[in-house]
Amino acid sequence: MTTPFPRGHHDDLEQDIVAALENREVDDAGDRELLQRLWQRTGELVARLESVTDLSEMAPGCHRPTRNLLARYERQIKILERMIRISDRNQSDLKRLNQALEEASTHDQLTGLTNRRFMTDRCRQEDRRVERHGGSYALLLLDADHFKRINDSYGHEVGDQTLVELARAFRSSLRQEDLCSRWGGEEFLALLIEANLDEAVGVATRSIESSRAIRVAVDGDDVRITASIGIAAHQANETYADTLRRADTALYEAKRLGRDRYFLEGPAAD
Amino acid sequence: MANQHVQNLTIESSQSSPSVIADWERGVIMMRGESYPENSFSLYEKILDWLASYLEASPRSLQLDLELNYLNTSSVRAMIELFDNLQTAAENGREVSVIWRYDARNPRAVELGKELGEDYTFPFTILAIDP
C-alpha cells in the first residue's frame, strides 16, 4: 500500500531550480528570468489547487511559501480523486434511493402492478395525446368474482395470494404496449393504447381464461377464482373518467349476467 | 484556565449537522447524524482544533467513533482531513482508531466506509448497527 502522504518526499527538480535561481551565473541569455517566472507560476498553480480542495478556503492572495510543490500537488490530487470517488458513490446511492421511492409511490406493494395514482396520470396523458394527435384507447376494468368468499373461508393471506395470481394472469393477457394497475381492493384497470374493439375483446377473453386457470393450493385444496370485465372504448370528446364510468357500467352488466365474462359498453369507437 | 487540558467539546446536532461529543478523559470523539452543513469548515474546524490540542497535550490513545448516514462533499473533505491527521499521529507512534458504524438496513453504506478507510494504516473498523 502506498502511503497517502507524499510529505517529506524530496524532489530533485525543485532543488535544482532553486539552486539555479540562486546561482547568478545561469543568467546568460535571460534564462534566469524565464525560470524565475516559471517557478512563480508553478507555485501559484499549486496554491490555486489547494484553495479549491482546502477545507479553510484560504483567502486569495494568501500564499504559502513555494516549498515541496510536488508533494503538495500530489496530496491535493489524491484528495480530489478520493472526493470524486466518494461523491460518485453518494450520488449513485441517492439515485437508487430515489428509484426505490419512486417505485413505492407508483406501484402497488402486493401485486407489483402500478397503482391507482400512476394509472390516473397515465390516463390523463392519454387523453391529452388523443386530443392532440387523434387515435384512441380502451379501458378494461376487471373485478374478482366473489372475492369476499375467499377471504372469509381461507383468510386474508390466501386472499392476497389469489390477488397476486390474478394480477399476473391479467398482466400476461395484455399486449406489450398495454398497462395495467391495481385500481382498488380486488379491482384492476388496464389501459389499452390504440386498441380497437376486437383487440380489447381478445385481451378480455384471454384474461378471463387465464383467471379460470388460477389454482391457489391451501391444505390440499385448490382455491379457484374467476373474473368479470367491463370494456369501454374511448370516444371523441370524452375524458378517461367518462370512459371509465362506462367500463364500470359494463362491468356491472357482466356481473349481472352471471360473472366470469366480459361485457362491452357503448357503440364502437371507429 | 485551570482545566485547559481536560476540556470536552459538545455540539448539538441539527437537521444538517451531526452531534459531536469529544470526551477528553476517554479519548473518544463521537459523531452521530447527517452532515451537510452550510459551512462545513466552521463545524469541522472545532473538531480539528480539539483533536490537535488533545494529541498535543496527552500521550493517550484516540478513537473516532462515527455514525454518519449522509455526508456531503465538503464534509467528506473534512473527514479526509481528520483521518489524515490521525494517520500522521499513528505514524508518530500514537494509538488511534476509527469505528465507522452504518445502518444495517442500508448495506451500501458499507462501501462508503470502505472507501473512506482505504489507504490508512491505523485500525478502521466498519460495524453494522441493527436499528
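Every number in this text was worked out from the coordinates using simple rules, so none of it is lab data. No experiment lies behind these values; they were computed from the predicted model shown. Cβ: placed from backbone, ideal geometry, glycine included. Neighbour counts: every protein chain shown.
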Q: Would you mind finding the longest exposed-site-free stretch of chain A, with exposed GluC sites (Glu not before Pro) meaning DSSP loop and at most 14 other Cβ atoms within 10 Å?
A: A:58-176
Q. Just A:A100, A:A247, A:A169 to compare: in a GNM of chain A, with alpha carbon springs under 10 Å, which one fluctuates most?
A. A:A100
Q: Taking the Cβ of each residue in B:L71, A:L174 as the centre, tally the other Cβ atoms inside 10 Å and list the residues starting with the fewest.
A: A:L174, B:L71
Q.
In 20 Å bins starting at zero, report the fraction of Cα pairs in the protein assembly as shown per bin as a rounded %.
A. 20, 29, 23, 21, 6, 0
Q: From zero up to wherever the largest Cα-Cα distance of segment B:56-131 sits, split into 10 Å bins and tell me the percent of pairs in each.
A: 18, 50, 26, 6
**Q.** For segment A:172-184, 3J(HN,Hα) per residue [Karplus equation, 6.51 cos²θ - 1.76 cosθ + 1.60, θ = phi - 60°, Hz, x = Gly/Pro]
**A.** 6, 8, 7, 7, 4, 8, 7, 10, 9, 9, 7, 8, x
(Q) Can you tell me which of A:L192, A:L141, A:L101 moves the most in a GNM of chain A? Springs connect C-alpha atoms under 10 Å apart. (A) A:L101
Q: Show that you can apply the helix-only estimate: for the protein assembly as shown, add -39,500 (n - 2.57) for every DSSP H stretch of four or more residues, divide by all residues, and state [θ] at 222 nm to the nearest 500.
A: -16500 deg cm²/dmol
Q: Give me the percent of DSSP beta bridges within chain B that run antiparallel, rounded to the nearest 5.
A: 30
Q: First obtain the Kirkwood hydrodynamic radius of segment B:8-104 from its Cα pairs, then insert it into the Stokes-Einstein equation at 37 °C and 0.692 mPa s, and state the resulting D in µm² per second as a whole number.
A: 244
Q | Taking the convex hull of Cα positions in segment A:117-270, its mean projected area over all directions (nm²) | A | 8.7
Q: Evaluate peptide B:78-89: per residue, the Cβ atoms of other protein chains within 10 Å of its Cβ; return the mean as an integer.
A: 3
(Q) Need the full-extension length gain, A:L45 to A:V164, defined as separation in residues times 0.36 nm minus the C-alpha distance. One decimal, nm. (A) 36.5 nm
**Q.** From phi via Karplus (6.51, -1.76, 1.60), per-residue ³J(HN,Hα) for segment A:126-143 in Hz, x at Gly/Pro
**A.** 5, 4, 5, 4, 5, 5, 7, 10, x, x, 7, 7, 10, 10, 10, 10, 10, 10
(Q) For A:I214, what residues show an amide H to amide H distance below 5 Å, using hydrogens built from the backbone and excluding near sequence neighbours? (A) A:I225
Q: For A:K148, go through the lysines and keep the ones whose alpha-carbon is under 21 Å away, minus same-chain ones fewer than eight residues off.
A: A:K255
Q. Order of A:R175, A:R132, B:R101, A:R246 from fewest to most other C-beta atoms within 10 Å?
A. A:R132, A:R175, B:R101, A:R246
Q) Tell me which aspartates and glutamates have Cα within less than 16 Å of A:K78's Cα, excluding those fewer than 8 residues away on the same chain? A) A:E50, A:D54, A:D88, B:E81, B:D84, B:E115, B:E118, B:D119
Q: Please identify, among A:R215, A:R206, A:R67, the residue showing maximal mean-square fluctuation in a Gaussian network model of chain A using a 10 angstrom Cα cutoff.
A: A:R67
Q: Quick one: which residues, 5 or more positions from A:D145 or on another chain, have an amide H under 5 Å from its amide H? H modelled 1.01 Å from N in the peptide plane, none for Pro or chain starts.
A: A:T226, A:A227, A:S228
(Q) Taking the number of other C-beta atoms within 10 Å as the exposure measure, put A:D31, B:D103 in order starting with the fewest. (A) A:D31, B:D103
Q) Once phi is turned into ³J(HN,Hα) by the Karplus curve 6.51 cos²θ - 1.76 cosθ + 1.60 with θ = phi - 60°, what whole-Hz value does each residue of segment A:189-205 show in order, with x for glycine and proline? A) 10, 10, 10, 9, 6, 6, 9, 8, 5, 4, 5, 5, 5, x, 4, 4, 4
